[in-house]
Amino acid sequence: MWLAPMRPGGTLLALKAAPLALPLGGILSGRRYTYQWSSLLVLGYLAEGVTRAWSERGAAQWLAGAEIALSVAFFASAVAYARLTRPSA
């Protein structure tokens, strides 16, 4: 919020991170189903990061790049975990 605010004087940008708290319990306890649906949740953050990286300049563009990298890393990790823990057929 303070590195690249969307508007001077403050914003409700912190609410953007609130959905990330939903899968936190399941992720920490290693529930496979949580990894599956949270991998879909993070794709929204990827799309938002790509949009901001394309349209903004300066620090906001670098932060959007970090958002893209973190989103891709989480998505790849969640998919790998779901594959490794799948029940054998």
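The values are calculated or read from the model by the stated rules, or taken from the named source; none is laboratory data. All of these numbers come straight from a predicted model, not from anything done at the bench. When we count neighbours, we look across all protein chains shown, and the Cβ atoms used for this are built from the backbone with ideal geometry, even at glycine.
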- [ ] Could you tell me whether TYR45 is within 11 Å of the chain's Cα centre (by Cα), at negative phi and part of a helix (DSSP H, G or I)?
- [x] yes
Task: Complete set of residues in the range 70-89 that are surrounded by fewer than 11 Cβ atoms within 10 Å (Cβ to Cβ) and either assigned to a helix (DSSP H, G or I) or of a type in the set (Lys, Arg) (or both) - done: ARG83, LEU84, ARG86
TODO: Taking THR51 as the residue in question, decide whether it is in a helix (DSSP H, G or I), among the polar types (S, T, N, Q) and surrounded by fewer than 12 Cβ atoms within 10 Å (Cβ to Cβ).
DONE: yes
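For every residue, the table says whether it meets (1) at pLDDT below 80; (2) more than 19 Å from ALA66 (Cβ to Cβ).
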residue: TRP2; (1), (2): yes, no
residue: GLY9; (1), (2): yes, yes
residue: ARG31; (1), (2): no, yes
residue: LEU41; (1), (2): no, no
- [ ] Within the range 38-62, track down each residue that is closer than 26 Å to LEU24 by Cβ and charged (D, E, K, R).
- [x] GLU48, ARG52
